[in-house]
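A short write-up of the structure that comes next.
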Amino acid sequence: MKPIGSIQSTAAAIGLLLCWSTAFATETVLVDGVPHVKSGASPSQGRTDVHLKELWRAGGEDGDILLGAPGAVLTDADGNIYIMDSQLCEVTVFAPDGGHLRTLGGEGDGPGEIRRLGSIFFMEDGQLAMAQTYPGRIITLNLDGTPGRSFHFKTADMAESNFGVIIGGRERGGSFFLTGFTMHMTGPQNTQTYYLSQCDDQGLEKHRHFSKDYTINYADFVADEIGIDFVWSRWDLGPDGFLYAAPHRNRYEIQVLDEAGKLLRVITREYTSYKRSADEKEQARLFVEAYNRNHPTPPRQCNVEDLEADITGLRVEDSGEIWVSTSRSFRDLPEGVALLFDVFDSKGEFVRQTAVHGDFDPTRDLVQFLKGGAAW
C-alpha cells in the first residue's frame, strides 16, 4: 500500500485559465414553487489549477507509525489531523507538522472501543464519532481519548428489525444525519431498507429524507447494481444544517432540503453521462459481486449498468461552495491533471472547475481536501 502523505497546494501554483464557452449561462426557474438553478456545460469562471506539494508522510515500511487501512481523514479546530484506520479499528492523530500526537479507540467491546470501524466525523460538541458498521452503532470519544456515549440508530416508530448497519453520519449547523440500512427476513427473502435520516443526538430518527428497499430472494438471487445504488456518498450538510444530496444516479441534480425534508432548491448543469468500456463494466460487476459476498447464498448473476453514475460525491464548504466529483473526475482529463472537480457557488451557479495536479493515482489513492488548504 502506498504510504499516506500530507500534500498542500501552493499559492504560486494556483492560476485561473480563461476557458470560456458559450455554454456557461445560468438561469433560475420556478418549478412547483421551488427554484431550479440551471447551469450550462461549462463553468462561468473557467478552470483553476492546483498543484500539490508533499509536506510530510507517515506509515509505510520505513515509518514508525503503523497504518493498516486508512479510509477517512478529518481536521479539528487546531488543525490536527485524524486518520481513520478501519483495519486496526482506531484513529491516529497527527499535529499539522506531522508529529504523532496520540491514538484513539481500538478494537474491542469495552468503553471507547469499536469493531468494524466504517467512518468517522465530529459531533458539534467537539467529540469524535466513530461509526461501527455492524451491528450498527455510534461510539463517541473525547479528544483526549476518554469514552463518550454510545447509541444505535432507531427508526421513528421504534420498529424492530433483525439488525441494522450504519454507513456514516454528519453533524453540522444544528442537524445530525445518519445513513445506513436495516434488514428484515421473511422466508427466503431479505429486504434491506436504505435510509438517510435526520436524528436526535441519541440516534432516534426525526425525519427520513431518502429511503429505498432492496429485496434479495435467496431462492433465485440476482444481484443488481441499480438495486444497491443509493445516496451513500452523494450527500453532505451545509453550514446552515441543510441537506445537500444527489439522489438520482444518472441525473446531474443536487437537491437542497431543510430539516423537515422540504425541498428548498434544485441545482443542475448540462452533463452527458459517461458510458463504460467493457473493462469498466467488468470492474463494476466485480464490485457488485463483492458487495453481496457476505450473504449466505452467492448471487447466480450480477447485473451492471452501461453508464457510470453522474455524481459520485459532494461536499459543502463553510463558504457555501459545493464541490462535486463526477464520473469524469478522473477520466479523459487534460495532460497533467489527476482529478477534476465541479465547483458551484453558494447560490448554485456552476462557477469553475478545479484541476488537481499531483503524483498520485486517483483510482487507488484516497485524496481528501481538508480545512486550511491541505489535501491527503
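The values are calculated or read from the model by the stated rules, or taken from the named source; none is laboratory data. Values in this document were obtained by computation on a predicted structure and should not be read as measured data. Note: ideal-geometry Cβ built from the backbone for every residue, glycine included; neighbour counts use all protein chains shown.
Test Y291 against the stated conditions and say whether it is under 18 Å from the mean Cα position of the chain (by Cα), over 16 Å from S211 (Cα atoms) and modelled with pLDDT under 95.
So Y291 fits the description; yes.
What are the pairs with Cβ atoms under 8 angstrom where one residue, in segment 280-296, is under 12 Å from A223 (Cβ atoms) and the other, located anywhere, is surrounded by 14 or more Cβ atoms within 10 Å (Cβ to Cβ) and aromatic (F, W, Y)? Sequence gap at least six, or different chains.
Cβ pairs passing all conditions: N292/F221; H295/Y218; H295/F221.
What is the one condition in (1) among the charged types (D, E, K, R); (2) touching a Lys or Arg at 6+ places or on another chain (Cβ under 9 Å); (3) over 30 Å from F341 (Cα atoms); (4) in contact (Cβ under 8 Å) with a residue 40 or more places away in the chain that E124 does not satisfy?
For E124, the failing item is (3).
What residue, among those in segment 338-358 that are free of Cβ contacts under 8 Å to residues at least 40 places away in the same chain and more than 18 Å from the chain's Cα centre (by Cα), is surrounded by the most Cβ atoms within 10 Å (Cβ to Cβ)?
Once the filter is applied, the top-ranked residue is A338.
Taking segment 169-226, which residues are closer than 18 Å to R249 by Cα and either among the basic types (K, R) or touching a helix residue (DSSP H, G or I) at 6+ places or on another chain (Cβ under 6 Å) (or both)?
Passing the criteria: K212, Y214, A223, E225.
L88: hydrophobic (A, V, I, L, M, F, W, C), at pLDDT below 95 and over 20 Å from L370 (Cα atoms), yes or no?
So L88 fits the description; yes.
Among (1) exposed (fewer than 14 other Cβ atoms within 10 Å of the Cβ); (2) in a loop (DSSP other than H, G, I, E, B); (3) modelled with pLDDT of 95 or more, there is one condition P296 misses while meeting the rest; what is its number?
Tallying (1) exposed (fewer than 14 other Cβ atoms within 10 Å of the Cβ); (2) in a loop (DSSP other than H, G, I, E, B); (3) modelled with pLDDT of 95 or more, P296 fails exactly one: (3).
So which residues in segment 263-279 are loosely packed, with under 12 Cβ neighbours inside 10 Å and either among the aliphatic types (A, V, I, L, M) or part of a strand (DSSP E or B) (or both)?
Result: A278, single match.
Any idea which of D359, D332, D365 is at pLDDT below 95, among the charged types (D, E, K, R) and on the phi > 0 side of the Ramachandran plot?
Values: D359 fails: on the phi > 0 side of the Ramachandran plot; D365 fails: on the phi > 0 side of the Ramachandran plot.
Only one candidate passes the filter, namely D332.
Can you name the residue in segment 299-313 that is assigned to a loop (DSSP other than H, G, I, E, B) and touching a strand residue (DSSP E or B) at 6+ places or on another chain (Cβ under 7 Å) and, of all such residues, is nearest to F330 (Cα to Cα)?
Among those that are assigned to a loop (DSSP other than H, G, I, E, B) and touching a strand residue (DSSP E or B) at 6+ places or on another chain (Cβ under 7 Å), it is D310.
Here are the criteria: (1) part of a loop (DSSP other than H, G, I, E, B); (2) of a type outside the set (V, I, T); (3) at pLDDT 95 or above. Tell me which single one D144 does not satisfy.
The single condition D144 does not satisfy is (3).
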